[in-house]
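Here's the structure we're looking at; comments come further down.
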Amino acid sequence: MSFQPPSQGKPHPMADYQSIRLSELEQLFEKKFHYQKPRGNESWQLPPQDQALFSEFYQFEALQGLREQLNAVKSKLNDYGVQEWSAHTNRRDPSGEVSWRLKNDTKAEFVTVAWCKFFECLHRYPLVKTPVVNTLHLCEAPGAFIASLNHYLHSMYSKDEIKWNWRSTTLNPYYEGNALNQMISDDRFIFHTLDHWLFHKDLTGNLLDVDNIDHLAERCAEDLKGKVDLVTADGSIDCAAQPDCQEEIVVRLFFAEVLSALKILSNGGNFLVKMFTLFEACSVSLLYSLNCIFEQVHIFKPATSKRGNSEVYVICLNYQKDTPGLPRLLEEIKAKLAQPNDTMVMPLFARSQIPQDFLMQHEIACRLYMKLQADAIEGSIYAYESNDRHYLRHLHHLRGLVSNTYYSRYKVKPLEDSLCIVDKEATSKALGFSVPVYGGSYTERENLKHGDLLKQIYCLRREFNQLEKCPSGRATYSYVKNRVAPLRLNVSRGAAVQSLQSSLFASEPILILRLRILDTFDLDPVWQTAPKCQLDATTLNYLPPSENQSFHSAQQCFFVDLLEAVKEKQPQSIVFHKFLFLTHYAASLLLFLMESIYEECSFDSHQSQTLTLSKLKVTEKKELEQVLEILKDEQAGAIHSLLEIKELQKNQFSNALIQHNNSVLLTCFRGMLGEESFPMPPVSTSKMEVSTIQEPPAVF
C-alpha cells in the first residue's frame, strides 16, 4: 500500500505513522511483477510464419481507460512551475538520501540516480551470474550503469576473479549534428573510456538507424568475440512538450533497443530495458514477444526510481536464441525501422495472436504501476498544498529508513580507488557554469509557445540577463603554447553535420538560448556575428550555408579557401573576427594552424573579440598541402576532425575556446535582444518565465 494523506487534514496518531512507514517501506522495495507463462502446448509462442506482422491496428479498451485515469491525475500538475515542483519532489523523494550517501559517505564512482537503480536491479535479479562476463550498454550516457556494474562486481567477487569486457553506445556528444534536447552531453566518463564506446560508421551513435545496428553487431562480434551475456538499454526521449503521448513517442526507440539486443545477445543471456507506461497495443505486443523469447520476464520499479514518474525496468532472463520464428521477427522489425517516417505505433502482432491469459496478466501489471504512480502524484500534491507537519515529518523519517534499508539489503560497501574505472577527480569535476532556472508551468509554456512575439522576446531577454551575470560567461581566456611533441593527424569521418545542433566548445545554457533565438526569429546567431578572417591585406568572409547546403559544406568551403590562401600568400598573421569555432572540424584546424603553421596566438577578450595567429613558421609546405589534400577528399565520408578527441577536449585549448565562443555568442545575443532592436512596454512576468535548463534530455 502507499501512504494515504490524512483525511480532511486531520493528522494520524504517531503510532499509525509508524506502522504506515514500515508498510510503505516494504512497498517501495517490492514494486515487482512477474509474468507467469503457461506450460506445455499452451506455452506462449511467436505467430506462425504464414501470419503477417504489423498488419492490424487496434487498442485495448481496458488499458486505454487506465491511460485516461493516469493522464487525468498527471494533468493536475499542469499549473505547477517546473522549478518549484522539481525542488518539492526532490525534497520529498523517499530515496533521495541514497545517492547523497553513496556520493559522500561511500564515495562510490560516478553516482547518479541511474547508478542507484541499476545497482538495485543487479541485486534483485540474476542479471550477472559469474565474474567472467561481457556486457553491452545501449543509450548509456553518461555511463552510470557501467560504474554501477563495476561496483557490483567488485562487491561480489575478488579482483582476480573478475574478467569483464564491456562496450557501450549512445548519441555521440562530440558530433555536432545531434540535438541538445535529445542527448546527454556530459562526457566526463566517456572521455576517459573512449576505446569502449561505439559511435558507428557515421559517428552519430544514433541507434534508430538500422545500418548502425548492423555495425554495432559487427563490432560486438569482433570486440567481444561474439559472446555478450548482458545487454542494458536505458534510453528515453524528451516528451516534455507532449507528456500525455510519452509511450507513442518512445516506442520507436524501444523497437531499436530490442532489435539490437536480440541480434547481439548470446543464447542464455539477459536483457534489461527501461520502458514507461505499457497501455498501447504496440507496447503490449512487444512485451508479449519478449515473453515468447526469454524464459522469464519481470517488471521492476526500483525504490530509487522517482515514485511520480512512469519508468519501469523490464528484465528478461535466459534468452532462447533458437526460438522458432525469431529470425523472421527480427527482419520484420528491421524493415519497419528502416522506414524513417514510420512511428512504429502499429502493433507487432494481430490482436488474435496475443493470448487472453497474457492480456489478463498484463492488465494487472498496468493497474499496479498506474495506481502506484497516481498515488505518488496525489501524495506530492497534498504535501505541496498542505502544511501537515506530521505528514512532512513522516516523509523525513522515511528517507532515512529507505537509505538504511538500501545499504543493508544490497550490502553496500566502499570500493578502493584503484578499482574504479576512471579517476574520481575527473568525473566529479563540474560540467560548467549553470544559470538560475525560471519556473514556468506546462500551461504557461504552452501559452507562451503560441503567444505574441514580444512576450517571447521578453523571456529570451530574461534568460540572457541571467547568463551575463555568470562569471564564467565573461572570464578572460588565453592559450599558452607548450607542446613538446608535434601534432599527429588522426582523421575521423562520418555523416556530414546538416545543421549545427550542439557543441562541446560552448556552455550548454548559452547553446540552448541560441537554439531558442533561432526558433523565435528564424535567424541563427552563429551567422549574425558576420564572421570573417583577415590574412594581412586579404579578407575572407565566412558565409552561412545556402538553401541546399549543409553546415558541414559551408565550413569545408571556408577552411579550404583559408588554407589555400595561407599556402599561396603566406600571410604573417591571421586574425579571426567574431569567429565561432563550434565544431571539432573547425577546432582541429585551428589547433593545427596554431601549433604547426604559426609561432604565436592570442585571444582578445574585449570588444573586438578576435583570435590572432602570428609569426608564420619558416617551414616546408608539406604539412599544409597534406591537410589541404585531406580536406578536399571526402569520398570516404565527411571529415569530423583532423585530430584525436583527447587533443581537443579537457585541456587548456578547449577551455580557452569555450570562453572565446561564449563571449562571442553573448555579444551577438546582446545585439539581437537589445532594447534598441525591440523596444517594448513593460510586460507582466508572472506568466512568461520559462526554464533555461529544460527537462532531462534523452539519449539513444
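Can Ser75 be described as part of a loop (DSSP other than H, G, I, E, B), over 30 Å from Ala495 (Cα atoms), hydroxyl-bearing (Ser, Thr, Tyr) and over 22 Å from the mean Cα position of the chain (by Cα)?
no
Could you look through the range 608-640, keep only residues that are in contact (Cβ under 8 Å) with a residue 40 or more places away in the chain and in a loop (DSSP other than H, G, I, E, B), and pick out the one that is surrounded by the most Cβ atoms within 10 Å (Cβ to Cβ)?
Once the filter is applied, the top-ranked residue is Gln609.
Yes or no: the range 409-418 includes at least one residue that is assigned by TED's automatic domain parsing to the domain that holds Pro142, without any contact (Cβ under 8 Å) to a residue 24 or more places away in the chain and over 29 Å from the mean Cα position of the chain (by Cα).
No - not one qualifying residue is present in the range 409-418.
Please go through the range 155-181 and give me each residue that is touching a residue at least 60 places away in the same chain (Cβ under 8 Å), surrounded by fewer than 19 Cβ atoms within 10 Å (Cβ to Cβ) and closer than 24 Å to Glu120 by Cα, ordered by number.
Correct list: Ser155, Lys159.
Looking at Ile184 and the list (1) among the aliphatic types (A, V, I, L, M); (2) modelled with pLDDT of 95 or more; (3) surrounded by fewer than 22 Cβ atoms within 10 Å (Cβ to Cβ), which single condition is not satisfied?
Result: Ile184 fails condition (2) only.
Residue check: is His200 surrounded by fewer than 19 Cβ atoms within 10 Å (Cβ to Cβ) and under 22 Å from the mean Cα position of the chain (by Cα)?
no
Which one of these does Gln339 not meet: (1) without any contact (Cβ under 8 Å) to a residue 24 or more places away in the chain; (2) assigned to a helix (DSSP H, G or I)?
(2)
Look through Arg488, Arg493 and report the one residue that is in the same structural domain as Gln609 (by TED's automatic domain parsing), charged (D, E, K, R), under 24 Å from the mean Cα position of the chain (by Cα) and modelled with pLDDT of 90 or more.
So the residue among Arg488, Arg493 that is in the same structural domain as Gln609 (by TED's automatic domain parsing), charged (D, E, K, R), under 24 Å from the mean Cα position of the chain (by Cα) and modelled with pLDDT of 90 or more is Arg493.
Give the residue that is modelled with the lowest pLDDT, with candidates limited to residues of the range 397-435 that are in a helix (DSSP H, G or I) and closer than 30 Å to Asn655 by Cα.
Top of the filtered list is Ser428.
Checking Asn267 against (1) touching a residue at least 60 places away in the same chain (Cβ under 8 Å); (2) not in a strand (DSSP E or B), which test does it fail?
(1)
Keeping to the range 527-544, report how many residues are of a type in the set (S, T, N, Q), farther than 23 Å from Ser499 by Cβ and buried (at least 16 other Cβ atoms within 10 Å of the Cβ).
Selection size over the range 527-544: 1.
For residues that are over 19 Å from Phe576 (Cβ atoms) and without any contact (Cβ under 8 Å) to a residue 60 or more places away in the chain, tally how many sit in the range 497-544.
Total meeting the criteria: 4.
For the range 129-165, name all the residues that are part of a loop (DSSP other than H, G, I, E, B) and in contact with a helix residue (DSSP H, G or I) (Cβ under 8 Å, 6 or more places away or on another chain).
Pro131, Cys139, Glu140, Ala141, Pro142, Gly143, Lys159, Ile162
Tally time: how many residues in the range 78-107 are within 25 Å of Arg367 (Cβ to Cβ) and part of a helix (DSSP H, G or I)?
Looking only at that region, the number is 2.
Cβ contacts < 7 Å: first residue in contact (Cβ under 8 Å) with a residue 12 or more places away in the chain, restricted to the range 292-307; second residue basic (Lys, Arg) and assigned to a strand (DSSP E or B), any location; separation 6+ or different chain. Result?
If the second residue must be basic (Lys, Arg) and assigned to a strand (DSSP E or B), the pairs left are His298/Lys32; Phe300/Lys32.
List the residue pairs whose Cβ atoms are under 9 Å apart, where the first residue sits in the range 248-263 and is in the same structural domain as His137 (by TED's automatic domain parsing), the second is assigned to a helix (DSSP H, G or I) and small (Gly, Ala, Ser), and the two are 6 or more positions apart or on different chains.
Val251/Ser283; Phe254/Ser283; Val258/Ser289; Ser260/Ala217; Lys263/Ala217
In this structure, is Pro38 under 29 Å from Arg124 (Cβ atoms), loosely packed, with under 12 Cβ neighbours inside 10 Å and at pLDDT 90 or above?
Criteria met by Pro38.
Filter the range 479-510 for residues that are of a type outside the set (Lys, Arg) and loosely packed, with under 13 Cβ neighbours inside 10 Å; which is nearest to Glu623 (Cα to Cα)?
Filtering the range 479-510 for residues that are of a type outside the set (Lys, Arg) and loosely packed, with under 13 Cβ neighbours inside 10 Å, the one nearest to Glu623 (Cα to Cα) comes out as Pro486.
The values are calculated or read from the model by the stated rules, or taken from the named source; none is laboratory data. Treat the numbers as computed from the prediction; the structure is a model and nothing was measured. Note that each Cβ is placed from the backbone with ideal geometry, even for glycine, and that neighbours are counted across all protein chains shown.
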